[in-house]
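Written out below as structure tokens is the structure these notes cover.
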Amino acid sequence: MVSGGCVGAEGEVDPEAVAPAAAAEEAVVPAPAREVVVGYALTSKKAKSFLQPKLRGLARKKGILFVAIDQKRPLSDQGPFDIVLHKLTGKGWQQLLEEYREAHPEVTVLDPPGAIANLLDRQSMLQEVSELDLTDCHGKVRVPKQLFVNTDPSSIPAAVRRAGLSLPLVAKPLVAKSHELSLAYDPTSLTKLEPPLVLQEFVNHGGVMFKVYIVGDAIRVVRRFSLPNVDEGDLSNNAGVFRFPRVSCAAASADDADLDPGVAELPPRPLLEILARELRRRLGLRLFNIDMIRQHGTRDRFYVIDMNYFPGYGKMPGYEHVFTDFLLSLAQKGHKRRSSYGSLSSGEG
């Protein structure tokens with residue numbers, strides 16, 4: 001178990017005061033001396049949701065230019081780039097990107113392909129969270145009991161009994177490209193699932209999930225409606241597999257809903273700070289989100305149930321300001337690296 005220590009109260013920021021803070025950040029961030037070129041390699045769907053007109057407009061004002069990368073050409077023949085932003089998989093793209101990183105160490109790549117792969121496999125996704133000890137950080141963070149299943153469906157009930165898991169169970173595809181999940185209420189329904197998958201114990205959480213967005217050092221939290229609580233009556237009266245194409249989405253925002261304060265209260269800021277910091281360090285990632293729930297009836301028991309690389313930032317309030325400031329800070333660090341490489345080259349000559 002590893003403890004990272006807690007962040008003091010002086011570092012707290014109201015997660016709900018996004019718009020005013022973002023406006024202030026926009027006013028004080030200076031424009032760079034030269035244009036910052038961000039090459040992006042995204043699916044058309046991802047590019048549309050992320051590169052919204054408001055983001056592009058604000059980026060232009062701050063001296064940031066987004067340029068589409070041609071995935072069929074070597075990256076060294078394109079650019080030059082200050083930052084490469086991507087969310088693509090596949091060995092071909094990974095090799096292309098690794099070769100570019102070796103040839104251009106001064107360019108920031110968001111994020112390393114090998115690190116991203118850890119969040120695409122639900123068998124290992126939550127491993128780093130399970131090894132953290134955050135008991136002294138204004139709350140406790142755990143992961144639900146879970147079981148990796150890659151066997152004949154008829155043997156799943158026995159495997160669940162051996163693992164000591166309790167029904168109902170949430171079934172998630174092993175590869176985290178799909179947001180579809182299922183809720184299995186009884187042993188018979190387990191035989192109708194389609195491995196490979198991960199089975200996760202369902203934790204009652206009042207029907208509200210906290211989506212914690214990470215952009216470098218910045219953290220933003222929003223509430224989303226989630227699956228409702230399950231009681232003994234539900235277990236007795238329900239059978240089969242209930243499928244949910246996507247539990248959490250922008251349309252299911254719970255930020256303005258009239259919720260029980262015990263359900264709606266956001267996780268403590270110091271807890272989120274240390275959790276985000278430790279996961280950034282352990283995962284080697286700067287762009288991801290954490291899906292958290294609070295165990296119903298408690299105030300300080302939280303579970304991380306999922307994580308995603310480069311999530312739907314377009315749904316995060318004020319993302320344009322947070323993201324452009326983040327890109328500018330990376331560009332400044334990259335400029336310093338270029339200067340140091342230039343000095344070394346001159347010295348060798």
Assuming R0 = 35 Å, can you tell me the calculated FRET efficiency for the pair Glu180 and Arg60, based on Cβ-Cβ distance, to the nearest 0.05? 0.40
Hey, rough spin-label estimate for Ala117 and Ser130, points 7 angstrom out along Cα→Cβ, what's it come to in nanometres? 2.0
Efficiency by 1/(1 + (r/R0)^6): what FRET value for Arg299 and Asp70, r their Cβ-Cβ distance, R0 = 45 Å, to the nearest 0.05? 0.30
Please compute the modelled spin-label separation between Ser44 and Arg162, points set 7 Å along Cα→Cβ, answer in nm with one decimal. 4.7
Per-peptide average of other Cβ atoms within 10 Å, ordering 253-260, 169-176 highest first: 169-176, 253-260
Please work out the average accessible area per residue across the stretch 119-318, using the 1.4 Å probe convention, and give it in Å². 42
Sorted by packing (mean other beta-carbon atoms within 10 Å per residue), highest first, where do 126-133, 161-168, 215-222 land? 215-222, 126-133, 161-168
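Which links in Lys91/Lys172; Lys140/Lys172; Lys46/Lys72; Lys46/Lys91; Lys91/Lys333; Lys61/Lys315 stretch past 27 Å when you go from one Cα to the other?
Lys91/Lys333
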Please report the base-10 log of the normalised intensity I(q)/I(0) for the stretch 119-318, using a Debye sum with one equal scatterer per alpha carbon and no solvent, at each q in 0.10 (1/Å). -0.41
Give me the number: length gained by fully extending Gln78 to Glu102, i.e. 0.36 nm times residue separation minus the C-alpha to C-alpha distance, one decimal in nm. 7.1 nm
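I need the semi-axes of the equivalent ellipsoid of the stretch 85-236: take the C-alpha gyration tensor, multiply each eigenvalue by 5, square-root it, list largest first in whole angstrom.
Values for the stretch 85-236, descending: 34, 21, 14 Å.
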Can you compute the radius of gyration and Dmax for the stretch 256-339, using only the Cα atoms, both in Å? 16.3, 55
Where a ≥ b ≥ c are the square roots of the eigenvalues of the C-alpha gyration tensor, would you call the stretch 36-110 rounded, which needs a/c under 1.5, or, failing that, prolate if a/b is larger than b/c, or oblate? oblate
With a Förster distance of 25 angstrom and the Cβ-Cβ distance between Asp217 and Asp256, calculated FRET efficiency to the nearest 0.05 equals 0.35
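The values are calculated or read from the model by the stated rules, or taken from the named source; none is laboratory data. All values reported here derive from a predicted model rather than from experimental measurement. Note: ideal-geometry Cβ built from the backbone for every residue, glycine included; neighbour counts use all protein chains shown. Surface accessibility is based on the protein's heavy atoms, side chains included, excluding ligands, DNA and RNA. Shrake-Rupley method; radii C 1.70, N 1.55, O 1.52, S 1.80 Å.
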